[in-house]
Amino acid sequence: MKSATLAFLIPVLLLTATSFCFSCSSGGEAQPDTRDSGVVHISVDESFKPVIDAEVQVYESSHPRARIVVHYKPEAECLRDFAVDSIRLVIATRGFSESEARFMSDSLKVYPSKMVIAYDAVAVVVHPSSPDSLFTMAEIKDLLTGRSTKNLIPVFDGISATSTVRFVLDSVLRGDSLGPKVAAAKSSEGVIDYVSRTPNAVGFLGVSWVGNQEDTSQLSYLDRVRVASLEHPKLPGKYVTPAQFNIYYGRYPMIRHLVYVLKEKHQGLAHGFAEFLTTERGQLIFKRAYLMPAQMGFSVREASVSE
């Protein structure tokens, strides 16, 4: 009788174990990653590659079982990834609209969140030998629309799909179109290459590519191009660079936001990395990249030195 009972139970136990293993391996409700382990794919505006590379390197070094696969793209492609289920975090210069949020909740069954994590500036770079390194915003607008009398060539990291172009169209030209002389490089690094080879070129790119004088690669860029100064928006005749101090106080006229859009259904690796970007360590990386952290308080204090 005992042997008959065992003969019945063994197949049942094997079937139960097999079913359990199948449910784990097939996905089901199992979550393949956690806040500090697994693999996650994220989409990032390519103009922020230097600083996001640094953020990922620090996060992965602190969490050896985590792997963040970054897809660097023009911003327009990043925004289309709002609709891509496999991309769980998007980092760009704007968040989602109400219609985009509805689409994500209706089609992907996810309720996205967004947060401004840093403030960036669009830097203007010129050839080291260029006599033009001070620009008013009126001169910038004339240059971009083709109305400038100077023989200068504006160059972007693309013509229509990048965040830099969108910012200029929305915040500088405000309804005007780019002129026929505008040139397009394939990337922000391509802008630097173009300007370094073209004495009358004026390049537009994110400040994180040329703002960090402690970064060896950026020092090599600054040997080849010069960062121009733009007129203070409230003090005519005063010219400022896209330094952190000027970004923080709104003294530089071309400032934009860096925003994350989190669209992950569970508390996984995308949540962990997004939260890291807002912590002191993540914000200090933005600061070292010469962006202005948005989630870390700064104050200017007077100090005196006594001998």
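Before moving on, here are some points about what is shown:
- Cα gyration tensor, segment 40-140 - rounded (a/c under 1.5), prolate or oblate: oblate
- For segment 40-189: relative contact order, % (alpha-carbon pairs under 8 angstrom, 6 or more apart): 23
- Residue-count net charge about Val125 - beta-carbon cut-off 14 Å; Lys, Arg +1, Asp, Glu -1: -2
- The trypsin sites (Lys or Arg not before Pro) found in segment 119-192 that occupy coil by DSSP, while having at most 15 further C-beta atoms within 10 Å, are Arg147, Lys150, Arg174, Lys181, Lys186.
- Placed amide H near Ala294: partners under 5 Å, 5+ positions off or other chain: Ala118, Tyr119
- Nearest-20 debye value, segment 219-294 charge dipole, Cβ charges on Lys, Arg, Asp, Glu: 180
- The listed residues Leu262, Leu178, Leu134 rank as Leu134, Leu178, Leu262 when sorted by accessible area, largest first, using a 1.4 Å probe.
- In this calculation the C-beta distance from Asp53 to Val84 is compared with R0 = 30 Å, giving a FRET efficiency of 0.85.
- Length available on full extension from Lys287 to Arg102: 0.36 nm per residue minus the Cα-Cα distance, which gives 63.2 nm.
- Taken along the Cα-to-beta-carbon direction at a fixed 7 Å, the label points for Ser37 and Lys265 span 2.2 nm.
- FRET efficiency estimate (nearest 0.05) - Cβ-Cβ, Ala184 to Thr136, R0 22 angstrom: 0.35
The values are calculated or read from the model by the stated rules, or taken from the named source; none is laboratory data. No experiment lies behind these values; they were computed from the predicted model shown. Glycine gets a Cβ as well: all are built from the backbone with ideal geometry, and neighbour counts include every protein chain shown. The area values use the complete protein model at the heavy-atom level, side chains included, leaving out ligands, DNA and RNA. Shrake-Rupley method; radii C 1.70, N 1.55, O 1.52, S 1.80 Å.
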